[in-house]
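What follows is one structure encoded as structure tokens, with my remarks underneath.
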């Protein structure tokens, strides 16, 4: 092709790209300037590739979310809205409208009876301005959700409905095909800001490491944050190595029980202050780790996406700690992992089932009501679970038993459905109590309902040792035993009565506590056996499902984080991988986690 | 401090029948059946004396228990001058009496699963369920009264033990049609299940109780409704009149029950009249409803024209799954009506 033709071709392509860009304006709702009463939900990010805005009003419509959009020019445009009907029984309550320049478009979104995430046409609108204000108007306060809005000049254009296509489309529209911004080079990159991750980051930074702590919510604490409100369990005073547990104690804001209606009892601010006091610790909130870079068997970097702006960041590290709960980094890196229950034939554990299966512990959305001065009403909820005098849960607030999942839902790929099922249980039961038990409930009002699910179990990344029931029962002290755990083997299962009335969609659990004597968790459970530089801490460490029943509580997980931080220091000091610490520097690691006792000279 | 003892709110019996129950060699006692002025059974009661013992310490308890006609615990009260006390002779307070009522009324109490020796009675129960403390304490804390754990345990077993099946046996012996009617009209869901089982077990009884049963089917206890549906005798489902009543009920019940009803309907050969009623659509129908309805239609030997009209209206739905399924179903039916065929052609062109 001659030079002139080449130039013309390039010129035409350029025009096409610009024109294409000018044809559509794509807005992720989580990037709206004003969120109003809507909240950002990122729980399904790994499934749908995006966060969305949720109208979490517990039955009271929330304030509008709004943003200003720059259109190429004034004129006629076509509107598309991405949403789903989350409770099509037969039609759901998540209803909302779109408002353009203070004019509400006369279409109700969110009640189509179809629970797939889809683009719905918002018809056409005409504007005299280039800059328009777009708002989401919630109609019910019952969990309406909007993922994205597309404004286009093209009448014929339909945005891609399928997930694969849409992911590509999103990346183009958001300009994500460009490289992510560099967020820094770190000795240790900790992904996950729950108890485990926060303790790991603090412990490593106090020994002088440069640490990044990446958390996909606006607060630290994970299940112990004010967004989920599960209290900390597990003892820190039985440690064989007494240095462990100190950072957990610093972060512990006291025990307000589960689902306490007072948010600040959970110490979000305390955790933030402790983290901010660490000079070599960089905190990255609202950042969801969604991709990794590897070289051979080692991780090189983690890519995180801001859950509001969708800006991508690259975190380069020498060692990495997967404290995500879901084992997301391990999974993305190709680490060996397990999910569900092993068979007793495979593990030799008496509490393991006969056949291996997908059963996991469930996810809780805790809730609480408060007494008000006067009678208050709750809307009708025919789309929720239905109760009667024969069966309902007569409590003004929840405790740990409100739990959905088990073998009925996958806690990762169906996290949204689990959370929504919990909503249907909570609202349906509450509606029954309000209508039928006025003596106790007429003046009570729902004060708080978690919209972020408190997950108990998902993937477990496999290490050089897999902790078993026998390790726990025998109290085996391996040479690399480090964290002392104390919780019972606490494996939940669907409550029998709940199962009778809601078979296959149980939302209430029972448990049987199997007492244990304090035992130590080997260090080899805290790093991946096949990814060279990956640590784990939290519920995703290397255990069987049965052993996980005991290790999973948050103070124990916090101590795992402390141990990982110290191990990361040893890695840096000797330029070895986590396994190298076990093989060649175990003594030093043990020394760090032990109390340094003064030596009395005998001379 | 308010020390008001509970007093039974049940109507005083006009007459009483006494029965002796022998659970075993050592457990023999009397229960009384309270009857009204028409000699109809009301409830059972027992004037109890029992020692509450642990290790070698015992203290006596005098209390009256009341059960419904199927042996479900209702409430308790006391003979004159009798009260309950705790381990250190502290009398029960108002809230203790209330809590005891909750405990005794809870059929699924953890007290069922534990042996007396496994319970620890201490004023300050530990928090948490860690290695050193007991597993029982936290889980059972809400289900006992501090300082009266063995009282709760003993009384719970008296209220919810063998007496239930013994009482049921007695009632079984005296149950007649009048009682079944009273059961269906009451507010007691245990009575409802009992009556449904009896009537469905003898289908020639159905006609007499049809109205009451269908009322319960469309009533506000979804679990009972599902039970009625699940156990509806096949013989009765052949009856065209019953079918029409069921479809009328289908139109007004909750979505959840509608889905179950359609599942049931797909096992029935419906009358043409019933199918006409079923093909009246409503605004709120979603894809799942259509899916289940088309399954019902596909099981029928003959379909009225109204079904075709219904399906052709579905072609205009905003939900592509509904319109596609309606179209597929119409293709199978091969309607002759020109206006319906026109709608089908229009749909396929879109």
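Computed quantities for the displayed model
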quantity	calculated
Count of residues meeting criterion [over 20 Å from residue B:311 (Cα atoms) and outside any helix (DSSP H, G or I)] in the stretch B:252-278	4
In the stretch B:248-264, the residues that are over 23 Å from the mean Cα position of the chain (by Cα) and buried (at least 17 other Cβ atoms within 10 Å of the Cβ)	none
Residue within the stretch B:332-349 that is more than 14 Å from chain A (Cβ to nearest Cβ), within 27 Å of residue B:232 (Cβ to Cβ) and in contact with a helix residue (DSSP H, G or I) (Cβ under 7 Å, 6 or more places away or on another chain) present	no
Residue within the stretch A:417-425 that is within 13 Å of another protein chain (Cβ to nearest Cβ), assigned to a loop (DSSP other than H, G, I, E, B) and surrounded by 21 or more Cβ atoms within 10 Å (Cβ to Cβ) present	no
Which numbered condition residue B:295 fails, given (1) touching a helix residue (DSSP H, G or I) at 6+ places or on another chain (Cβ under 9 Å); (2) within 14 Å of chain A (Cβ to nearest Cβ)	(2)
Condition met for residue B:281 (part of a loop (DSSP other than H, G, I, E, B), surrounded by 15 or more Cβ atoms within 10 Å (Cβ to Cβ) and in contact with a helix residue (DSSP H, G or I) (Cβ under 6 Å, 6 or more places away or on another chain))	yes
Any hit, the stretch A:252-259, residues being in contact (Cβ under 8 Å) with a residue 12 or more places away in the chain, closer than 27 Å to residue A:528 by Cα, in contact with a helix residue (DSSP H, G or I) (Cβ under 9 Å, 6 or more places away or on another chain) and more than 14 Å from chain B (Cβ to nearest Cβ)	no
Residue that is farthest from the other protein chains (Cβ to nearest Cβ), among those in the stretch A:372-404 that are more than 16 Å from residue B:255 (Cα to Cα) and buried (at least 22 other Cβ atoms within 10 Å of the Cβ)	A:404
Pair list, Cβ < 6 Å and 6+ apart or interchain, from the stretch A:297-315 residues that are more than 15 Å from residue A:214 (Cβ to Cβ) to residues that are in a loop (DSSP other than H, G, I, E, B) and at pLDDT below 90	A:310/A:174
Check on residue B:241, away from chain A (no Cβ under 14 Å) and in a helix (DSSP H, G or I)	yes
Test: residue in the stretch A:224-231 that is more than 28 Å from residue A:306 (Cβ to Cβ) and modelled with pLDDT of 95 or more	yes
In the stretch A:104-129, the residues that are part of a strand (DSSP E or B) and either without any contact (Cβ under 8 Å) to a residue 24 or more places away in the chain or within 11 Å of chain B (Cβ to nearest Cβ) (or both)	A:118, A:120, A:121
Residues satisfying the stated conditions in the stretch A:503-538, i.e. modelled with pLDDT under 95, part of a loop (DSSP other than H, G, I, E, B) and either more than 14 Å from chain B (Cβ to nearest Cβ) or in contact with a strand residue (DSSP E or B) (Cβ under 8 Å, 6 or more places away or on another chain) (or both)	A:516
Some residue of the stretch A:452-468 being outside any loop (DSSP other than H, G, I, E, B), within 13 Å of another protein chain (Cβ to nearest Cβ) and at pLDDT 95 or above	no
Residue count for the stretch B:314-339, restricted to those that are surrounded by 15 or more Cβ atoms within 10 Å (Cβ to Cβ) and within 29 Å of residue A:107 (Cα to Cα)	11
Residue B:311 vs. criteria crowded, with 18+ Cβ neighbours inside 10 Å, part of a helix (DSSP H, G or I) and within 14 Å of chain A (Cβ to nearest Cβ)	no
Index of the failed condition, residue B:86 passing every other in (1) surrounded by 15 or more Cβ atoms within 10 Å (Cβ to Cβ); (2) modelled with pLDDT of 90 or more	(2)
Among residues of the stretch B:174-220, those that are outside any helix (DSSP H, G or I) and more than 16 Å from residue B:68 (Cβ to Cβ), counted	5
Failed item in (1) more than 10 Å from chain A (Cβ to nearest Cβ); (2) assigned to a helix (DSSP H, G or I); (3) within 14 Å of residue B:311 (Cβ to Cβ), with residue B:289 passing the rest	(1)
Answer from B:349, B:334 - the residue that is modelled with pLDDT under 95 and at positive phi	B:334
Identity of the residue in the stretch A:352-368, within 29 Å of the chain's Cα centre (by Cα) and surrounded by fewer than 23 Cβ atoms within 10 Å (Cβ to Cβ), that ends up nearest to the other protein chains (Cβ to nearest Cβ)	A:368
Extreme residue, farthest from the other protein chains (Cβ to nearest Cβ), among residues of the stretch B:221-238 that are touching a helix residue (DSSP H, G or I) at 6+ places or on another chain (Cβ under 6 Å), assigned to a helix (DSSP H, G or I) and farther than 30 Å from residue A:92 by Cβ	B:235
Identity of the residue in the stretch A:279-288, in contact with a helix residue (DSSP H, G or I) (Cβ under 6 Å, 6 or more places away or on another chain) and buried (at least 20 other Cβ atoms within 10 Å of the Cβ), that ends up nearest to residue A:204 (Cα to Cα)	A:281
Total residues in the stretch A:162-206, condition surrounded by fewer than 24 Cβ atoms within 10 Å (Cβ to Cβ), touching a strand residue (DSSP E or B) at 6+ places or on another chain (Cβ under 6 Å) and closer than 24 Å to residue A:327 by Cβ	3
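Yes/no matrix, rows are residues, columns are (1) under 13 Å from residue A:557 (Cα atoms); (2) surrounded by 20 or more Cβ atoms within 10 Å (Cβ to Cβ); (3) under 14 Å from the mean Cα position of the chain (by Cα):
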| position | (1), (2), (3) |
| --- | --- |
| A:214 | no, yes, yes |
| A:221 | yes, yes, yes |
| A:234 | yes, yes, no |
| A:237 | no, no, no |
| A:247 | yes, yes, no |
| A:251 | yes, yes, no |
| A:256 | no, no, no |
| A:263 | no, no, no |
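Per-residue answers, yes or no, for (1) modelled with pLDDT of 95 or more; (2) in a loop (DSSP other than H, G, I, E, B):
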| residue | (1), (2) |
| --- | --- |
| B:6 | no, yes |
| B:10 | yes, yes |
| B:17 | yes, no |
| B:37 | yes, yes |
| B:42 | yes, no |
| B:51 | no, no |
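The values are calculated or read from the model by the stated rules, or taken from the named source; none is laboratory data. Source: prediction; values computed, not measured. Because the Cβ atoms are built from the backbone with ideal geometry, glycine has one as well, and the counts that use them run over all protein chains shown.
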